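The values are calculated or read from the model by the stated rules, or taken from the named source; none is laboratory data. Since we're looking at a predicted model, the values are computed, not measured. Cβ coordinates were reconstructed from backbone atoms using ideal geometry, including for glycine residues, and neighbour counts include every protein chain displayed.
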Amino acid sequence: MVFYGSGEPVIALEKVDMRVPAGQFASIIGPSGCGKSTLLRLVADVTEPHAGTITLGGDTPRAARHAHSLGFVFQAPTLLPWRSVKQNIELPLDVVGRNSAKRSTRSGAELIELVGLTGFADALPHQLSGGMQQRVAIARALVLTPDILLLDEPFGALDEITRQRMNLELLRIWSESGATALLVTHSIAEAVFMSDQIYVMSARPGRITSIVDVPLERPRRLDMMRSPEFFDCVNRVRDGLFGHQQSQVATASEPVEAY
Amino acid sequence: MASTPSLAIFRASWRPLATGMMLIALLEAAKRFHLLPIFVPAPSEVVWEIWKTPRLVTANLVPTAWKAAAGYSIAATVAIAAASIAVSLRALYGPIYNISVTINSVPIIATAPLLALWLGTGTQVQIAIAALASQFPMLVGTMQGLQAADSRQRELMHVLSASRSQTLRYLLIPSALPYLFAGLKIAAPSAVLGTVTAEWAGADQGVGAMMLYALFSYDTPKVWLSVVLTCLLAGAGFGFWAAIEGVAVYWRHDVDLAD
């Protein structure tokens with residue numbers, strides 16, 4: 001993937017090779033500008049790769065997009081301000097048709113309940129807090145039972161308390177949906193808590209430097225964040241991000257970031 | 001929170017109404033104490049003109065109003081259609097925009113007599129000039145509005161694999177409405193002023209004709225009456241669209257800042 005700006009063309013992604021088994025939860029973590037979001041946008045067929053291929057269960061991203069198999073949650077809620085909560089959640093149904101086979105078995109009202117917004121069905125986006133708006137965006141991504149759920153730092157703007165609750169909610173919703181999930185995040189602890197595998201990326205050019213498998217069993221519980229396995233994974237991701245020497249200094253001087 | 005619509009209207013309008021009343025009273029007092037030049041009549045003299053010859057007001061106000069409305073409707077139809085074409089066909093964007101800017105820069109006071117020579121002094125000249133005078137804000141408003149949806153919202157529709165017409169219906173038209181209404185509001189007084197100016201170039205009836213006759217016969221109260229009528233008509237056009245905008249663009253909200 002190459003970006004052409006005013007100066008020299010910038011290679012955004014290079015030598016990215018990843019394979020996520022169906023039904024698993026994978027995370028991509030890396031510094032700002034390493035191409036995490038670009039990678040996700042390639043998978044979603046928002047942009048096209050300069051070289052290389054992406055396959056989603058045997059299909060191209062374009063075929064998957066046209067088959068409405070993708071659920072995408074952006075960094076910002078990206079709600080339509082003139083639509084109520086319920087109408088925003090049902091936007092994909094308006095596009096695909098109310099009788100689509102892709103339609104979730106859950107009704108609009110059930111999805112609203114699932115993301116904890118009962119009583120807000122008729123509220124307009126500007127009447128909700130940022131966290132509530134993001135939950136509407138998540139419900140919207142689930143209204144069509146996606147095969148692949150793409151999450152671009154969906155909780156980046158939330159406070160830690162809301163974020164932890166949303167992580168648990170998302171894992172519950174994901175395990176019920178059976179979708180394959182790909183999460184882009186800045187938080188090491190969030191990546192470890194949510195994922196089966198973590199792809200660690202470095203910047204300029206963006207490439208995958210290491211892969212960390214998370215052995216924690218499912219369903220995940222908050223007390224697992226105190227387990228040695230959890231800390232071990234956090235440290236391995238840290239090593240992947242900062243290099244072993246630097247991260248030893250870092251872990252010695254400050255406690256491991258775990259919410 | 002306003003409890004009833006009538007109370008809300010009262011709350012919004014009592015200040016400007018009171019200010020207007022005060023100014024009129026001040027003007028009246030100043031005239032009574034001979035503080036104003038001879039060519040500025042007292043407000044009571046202007047009102048007396050209406051009282052004396054109510055036929056004069058209606059006979060001139062009605063033709064001007066309908067000519068302005070006809071020209072305005074033509075301009076709205078053409079401007080909105082042209083702007084839609086400009087936004088969907090990039091090659092025509094520049095030419096359409098430039099033509100509109102040029103028409104808007106032409107001095108009406110000079111073109112009105114020329115157009116009268118060409119089209120005759122009938123109502124068609126006044127309607128044409130009302131259209132030419134009011135087209136620009138509606139064209140710019142529609143152009144800006146149709147491009148107002150942000151890139152995230154466009155990506156959302158793309159990931160949902162929405163068709164062009166669905167994107168137009170669910171995203172582009174609603175996000176254009178605030179800009180379109182801004183254009184419609186600004187254009188309404190321009191249509192009235194355009195009509196009045198065109199009536200100067202030769203019309204039997206209309207506020208502009210009344211203004212011209214009064215000017216030539218040094219009938220200052222009648223000149224001021226025609227000025228007031230022009231203001232009222234222009235303000236009514238603006239208020240009409242402002243009222244519709246309040247209902248149609250219901251998701252716009254004001255931020256209440258503490259004093």
Whichever residue in the stretch B:187-229 is in contact with a helix residue (DSSP H, G or I) (Cβ under 7 Å, 6 or more places away or on another chain) and free of Cβ contacts under 8 Å to residues at least 60 places away in the same chain and, among such residues, is surrounded by the most Cβ atoms within 10 Å (Cβ to Cβ):
B:190
Reported set for the stretch A:18-65 where residues are among the small types (Gly, Ala, Ser) and crowded, with 20+ Cβ neighbours inside 10 Å is A:26, A:27, A:30, A:35, A:44, A:64
Exactly one of these conditions fails for residue A:79: (1) touching an Asp or Glu at 6+ places or on another chain (Cβ under 8 Å); (2) in contact (Cβ under 8 Å) with a residue 40 or more places away in the chain; (3) more than 23 Å from residue A:178 (Cα to Cα). Give me its number.
(1)
For the stretch A:49-79, enumerate the residues that are within 9 Å of chain B (Cβ to nearest Cβ) and more than 21 Å from the chain's Cα centre (by Cα).
none
Single residue of B:77, B:58 found to be at pLDDT 90 or above, hydroxyl-bearing (Ser, Thr, Tyr) and part of a helix (DSSP H, G or I)
B:77
Within the stretch A:179-189, is there a residue that is on the phi < 0 side of the Ramachandran plot, small (Gly, Ala, Ser), modelled with pLDDT of 85 or more and more than 15 Å from the chain's Cα centre (by Cα)?
no
Quick check on the stretch B:121-130. Is at least one of its residues outside any helix (DSSP H, G or I), hydroxyl-bearing (Ser, Thr, Tyr), at negative phi and surrounded by fewer than 19 Cβ atoms within 10 Å (Cβ to Cβ)?
yes
Among A:166, A:224, which is the only one that is without any contact (Cβ under 8 Å) to a residue 40 or more places away in the chain, aliphatic (A, V, I, L, M) and in contact with a helix residue (DSSP H, G or I) (Cβ under 6 Å, 6 or more places away or on another chain)?
A:224
From the residues in the stretch A:136-163 that are in a loop (DSSP other than H, G, I, E, B), in contact with a helix residue (DSSP H, G or I) (Cβ under 8 Å, 6 or more places away or on another chain) and not charged (D, E, K, R), which one is surrounded by the fewest Cβ atoms within 10 Å (Cβ to Cβ)?
A:157
Residues in the stretch B:135-146: is at least one at the interface with another protein chain (Cβ under 10 Å from one of its Cβ atoms) and within 30 Å of residue A:76 (Cα to Cα)?
no
In the stretch A:90-134, the residues that are touching a residue at least 40 places away in the same chain (Cβ under 8 Å), farther than 25 Å from residue B:161 by Cα and within 13 Å of another protein chain (Cβ to nearest Cβ)
A:126, A:128
I need the full set of residues from the stretch B:151-165 which are over 18 Å from residue A:69 (Cβ atoms) and within 7 Å of another protein chain (Cβ to nearest Cβ), in order please.
B:152, B:153
Residues located in the stretch B:162-174, provided they are of a type in the set (Ser, Thr, Tyr) and crowded, with 20+ Cβ neighbours inside 10 Å
B:170
Conditions (1) surrounded by 12 or more Cβ atoms within 10 Å (Cβ to Cβ); (2) without any contact (Cβ under 8 Å) to a residue 12 or more places away in the chain: number failed by residue B:11:
(1)
